[in-house]
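Data block below; observations after.
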Amino acid sequence: MQFVPPNNHRRNTVERAIRTFKAHFIAGLCSTHKDFPLNLWDRMLPQAQMTLNMLRASNMNKQMSAHETIFGKYDFNKTPIAPPGTKSIIYVTSNLRKTFDPRGKLCWYIVPSLQHYRCMKFFIPNGGERISDTSMLYPANLTTPHWTKLDAILQAALDLTTALKNPTTEDSPYTKILKAQQDALEQLANIFKTNFEPTRTNPPHKTLHSALLPQPPIRRVLSNNQENTNNQPEEENEPQPRVANLLACQSQPRVQNSEYSSTEKIHPVTIQQYENLRCNKTNKNNK
């Protein structure tokens, strides 16, 4: 057995575990409401320990969490969890309130109640802890999902599309509609389906070689006898890239070939044909 190096906490497993728990617990304290009394920090320790063990893998089975290895699989439906220190309002039953008292009380969420079905523990100022199954949470640092008007329109469009495409029975009023109206409704259903499920197209893939080569210019050339009867403006050339054509950068002979005079018209040839002409000329000179 050997000791870890002195003043090196990262080599000690226990010290490293303490550091991880402190970071996890401080993150939970930072997520509380701004008016949450921090003197209740000790009441949030059970949830911090439980959630940290859910995030850690078990040493016996890496496919399971440390909490599942000891306590079994956690069921969030039976025991819901909320962010610690969340501002809440719990329902006060009739036997615990007076006739004209409010039906709810302002409190703070602390931990889930593991011994009760779908219940959580709350702290009421000047009232202590209370277990309740009817509550409303108001998280300050999180956005609560809600049903917007756009969601309602899209859901109605999807329901209408499904109803028009799949009639239920033969006695349905949909089957008695005229053919023209039926086609119009099917076209409307296709419009709804297209708007509800938009398709995305990816831009064409461009290689480095194709990006360096300039694109051919688009130009409309009119002859002397041809006139622009439609009065359409001529299309201008597209801007050329700053990088020169790779094919144009091939080495050219410094001395002009004497076979062709400057007045003769030179037909365009490919690079391979040009190299063949040069080789034939060289062979004739050597002979």
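Within the stretch 1-81, considering only helices (runs of 4 or more DSSP H) that don't extend past its boundaries, which have at least 1 residues that are under 27 Å from W108 (Cα atoms) and among the basic types (K, R)?
Values: elements: 13-30, 45-55, 66-71.
Fully inside the stretch 1-81 and qualifying: 13-30.
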Can you name every residue in the stretch 10-42 that is farther than 15 Å from F122 by Cα, free of Cβ contacts under 8 Å to residues at least 12 places away in the same chain and of a type in the set (S, T, N, Q)?
N12, T13
Scan the stretch 68-90 and tell me whether some residue there is over 24 Å from F123 (Cα atoms), of a type in the set (A, V, I, L, M, F, W, C) and surrounded by 12 or more Cβ atoms within 10 Å (Cβ to Cβ).
yes
Kindly indicate whether any position in the stretch 109-118 is touching a Cys at 6+ places or on another chain (Cβ under 8 Å) and in a strand (DSSP E or B).
yes
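Test K149 against the stated conditions and say whether it is among the basic types (K, R) and within 24 Å of C30 (Cα to Cα).
Working: among the basic types (K, R): yes; within 24 Å of C30 (Cα to Cα): no.
Judged against the criteria, K149 is not a match.
State whether the residues of the stretch 100-109 include one that is of a type in the set (G, A, S), more than 19 Å from N141 (Cβ to Cβ) and either touching a strand residue (DSSP E or B) at 6+ places or on another chain (Cβ under 6 Å) or loosely packed, with under 14 Cβ neighbours inside 10 Å (or both).
First pass over the stretch 100-109, keeping only residues of a type in the set (G, A, S): 104.
Subset that is more than 19 Å from N141 (Cβ to Cβ): 104.
Narrowing the set further to residues that are either touching a strand residue (DSSP E or B) at 6+ places or on another chain (Cβ under 6 Å) or loosely packed, with under 14 Cβ neighbours inside 10 Å (or both) leaves 104.
Yes, the stretch 100-109 contains at least one residue that is of a type in the set (G, A, S), more than 19 Å from N141 (Cβ to Cβ) and either touching a strand residue (DSSP E or B) at 6+ places or on another chain (Cβ under 6 Å) or loosely packed, with under 14 Cβ neighbours inside 10 Å (or both).
Given the options M60, M44, name the one that is of a type in the set (A, V, I, L, M, F, W, C), modelled with pLDDT under 95 and either surrounded by 12 or more Cβ atoms within 10 Å (Cβ to Cβ) or within 19 Å of N141 (Cβ to Cβ) (or both).
Numbers: M60 fails: either surrounded by 12 or more Cβ atoms within 10 Å (Cβ to Cβ) or within 19 Å of N141 (Cβ to Cβ) (or both).
Answer to the check: M44.
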Select from the stretch 124-161 the residues that are surrounded by 12 or more Cβ atoms within 10 Å (Cβ to Cβ), of a type outside the set (A, V, I, L, M) and in a helix (DSSP H, G or I) and write down the one among them that is modelled with the highest pLDDT.
Q155
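The values are calculated or read from the model by the stated rules, or taken from the named source; none is laboratory data. Please read these numbers as outputs of a predicted model, since none were measured by experiment. Here the Cβ is made from the backbone with ideal geometry for all residues, glycine too, and neighbour counts use every protein chain on show.
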